[in-house]
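The values are calculated or read from the model by the stated rules, or taken from the named source; none is laboratory data. These figures come from a predicted structure and were not determined experimentally. Glycine also receives a Cβ, built like all others from the backbone with ideal geometry; neighbour counts cover every protein chain displayed. Accessible surface is based on the protein model in full, side chains and every heavy atom, while ligands, DNA and RNA are left aside. Shrake-Rupley method; radii C 1.70, N 1.55, O 1.52, S 1.80 Å.
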Amino acid sequence: MNLLNITDPSTSLEWMIFLAKKYSKMFLEGTKITLYIAILGTLLGFLLGFVIGLIQDTKINTADNILKKLLIRVLKVVSAVYVEIFRDTPMIVQAMIIYFGLRQNGINVTPIFAGILITMLNTGAYMAETVRAGIGSIELGQREGAWAMGMSHIKTMFYIVLPQAFKNILPEMANTFSTNLKMTSVLNVIAIQELFMAAKTVGGNYYKYYESYLVIAIIYFVLCFAFNRIFKVVEKKMQGTSDYALAVEYMDNQ
């Protein structure tokens, strides 16, 4: 039997191939929307997480004026509340509250815009803790040395600390993106036509939900597997080579 030209499917495999072929455009469109929301929401979330992480890491000095101390304290409290709220509530609930809350208050956002916003806020809350831990992994002596040379706190962060911390943060960034890629499936509750919604629609046409969900399970697996391999290559490139260690050993043996 030619599985690519099935007109009267009977087994689950035949139904999977039939549905994938007949509704290929719908599955493809759902995949594109899933990737769009996951990539854009994650990138924006990383930026937000970096800002929140920097705020949480900022120290209040006794020499600072009272306005600066007050501003830093307020920012720390606001960022801490934001992180706790989004880390301690399900993304599906956040999606319902944010999307319908905005529309109920006269802000007519599109489902996709809301999906990106939700993904960004959720990612930012988790990345803030990752950034803070990444910054903490860098020796304090390096910062103190930069300050001794007259560098400001911001310059020290961007030129000394963050380039090193980024290497430690990258694996968690990759995990977060993979999670977001899969978690976009919950956004079907606000009518986003992503991959899960496509499978739900296709499955309802023939009452073959099992086979339809198996199709997107394969798509999710391929996407996550491919991106994980890409991130591993990038991570390996950023770690550099061990040539310097070989050079040291050579000099020691001379």
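Taking MET149, MET120, MET26 in turn, the Gaussian network model of the chain (Cα-Cα springs below 10 Å) assigns the largest fluctuation to MET149.
Based on the alpha-carbon gyration tensor of the range 22-111 and its eigenvalue square roots a ≥ b ≥ c, which shape applies: rounded if a/c is under 1.5, prolate if not and a/b is larger than b/c, or oblate?
Details: a/c = 3.37, a/b = 2.22, b/c = 1.52.
Prolate, since a/c reaches 1.5 and a/b exceeds b/c.
Potential lengthening of the chain between VAL109 and GLU129 amounts to 4.3 nm, from the contour at 0.36 nm per residue minus the alpha-carbon distance. Taken about its Cα centre, the chain carries a charge dipole of roughly 600 debye when the Cβ of each Lys and Arg holds +1 and the Cβ of each Asp and Glu holds -1. Residues in the range 43-50 carry Karplus couplings, in order, of 4, 5, x, 4, 4, 4, x, 5 Hz; the curve used is 6.51 cos²θ - 1.76 cosθ + 1.60 with θ = phi - 60°, and Gly or Pro positions show x. Computed from label points 7 Å out along Cα-Cβ, the spacing between GLU144 and ASP88 is 3.5 nm.
Identify the trypsin sites (Lys or Arg not before Pro) of the range 19-62 meeting these criteria: DSSP loop state and at most 15 other C-beta atoms within 10 Å of the C-beta.
Qualifying residues, ordered by number: LYS59.
Helix-only arithmetic for the chain: the sum of -39500 (n - 2.57) across DSSP H runs with n ≥ 4, divided by the residue total, places the mean residue ellipticity at 222 nm at -26000 deg cm²/dmol.
Calculate, for the chain, the solvent-accessible area per residue in square angstrom, rolling a 1.4 angstrom probe over the heavy atoms of the protein chains.
Accessible area per residue: 59 Å².
Coupling constants for the range 37-42 follow from the phi torsions by the Karplus curve (6.51 cos²θ - 1.76 cosθ + 1.60, θ = phi - 60°), and in residue order they are 5, 5, 5, 5, x, 6 Hz; glycine and proline get x.
Which FRET efficiency, nearest 0.05, do LYS68 and VAL233 yield, Cβ-Cβ r, R0 30 Å?
On the way: r = 43 Å, r/R0 = 1.45.
It comes to 0.10.
Across the range 1-154, the convex hull enclosing all Cα atoms gives 201 Å³ per residue.
With the Cα gyration tensor of the range 174-223 giving a ≥ b ≥ c as the square roots of its eigenvalues, does the rule (a/c under 1.5 for rounded; else a/b larger than b/c for prolate; else oblate) give rounded, prolate or oblate? Here the range 174-223 falls in the oblate category.
Spin-label model, TYR159 to TYR209: label points 7 Å out along the Cα-to-beta-carbon direction sit 6.0 nm apart.
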